[in-house]
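Okay, so here's the structure we're looking at.
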Amino acid sequence: MKGFRINFLGDKATIDFEGASEGFWPTVQNTTVSVGQKKKEDVIYPDKGSDLQPGEKVSAIGRLESDIRLSAYDISVFTKKNDTDYNKHKLRKYQLSIGGLGDNGILKLAVQAESQTGEKITTTI
């Protein structure tokens, strides 16, 4: 699979039209973007997305960690169910956890993903 690269920098994400995203990266990138999408906003795939709401106040860090992990699980199930046969970099495992706070006070997420062929990607967004 090959696609545009999305650069997650600070509180913004930009599309890099000159840098390609190849191999397992597009699968991880698409899965990560889906976590930030609100459920029922996609007309074709209404079960795509998560219940995480950016900008919402957090009452308990433990509850947030649980919500993040559950959203990662839900979106990984969606990704696996809707992946195409021609993708040679299918998702086997996808996990999110709290990765700290950025300089701007926005929560960072730690992403851990593994493909069915053993490729691993670990990053923080």
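One residue stands out in segment 21-60 among those that are of a type in the set (A, V, I, L, M) and either buried (at least 18 other Cβ atoms within 10 Å of the Cβ) or closer than 22 Å to ALA113 by Cα (or both): the one that is modelled with the lowest pLDDT, namely LEU52.
Exactly one residue out of SER76, SER71, SER66 is within 26 Å of LYS40 (Cα to Cα), out of contact with any Ser or Thr (no Cβ under 9 Å at 6 or more places or on another chain) and not aliphatic (A, V, I, L, M), and it is SER66.
Residue by residue through segment 61-77, note down the ones that are surrounded by 17 or more Cβ atoms within 10 Å (Cβ to Cβ) and over 17 Å from ALA110 (Cβ atoms). ASP74, the sole residue that qualifies. Please verify whether GLN29 is within 22 Å of ARG5 (Cβ to Cβ) and without any contact (Cβ under 8 Å) to a residue 24 or more places away in the chain, treating the condition exactly as stated. Here the answer is no, as GLN29 does not meet what is asked.
Sub-6 Å Cβ pairs linking a first residue in segment 96-117 that is small (Gly, Ala, Ser) to a second residue that is part of a loop (DSSP other than H, G, I, E, B), at least 6 apart or interchain, are SER115/PHE24; SER115/HIS89, ordered by first then second residue.
Looking only at segment 89-120, residues that are under 12 Å from the mean Cα position of the chain (by Cα) and hydrophobic (A, V, I, L, M, F, W, C) come to 6 in all.
The values are calculated or read from the model by the stated rules, or taken from the named source; none is laboratory data. Note that the structure is predicted; figures quoted are calculated from it, not measured. Cβ: placed from backbone, ideal geometry, glycine included. Neighbour counts: every protein chain shown.
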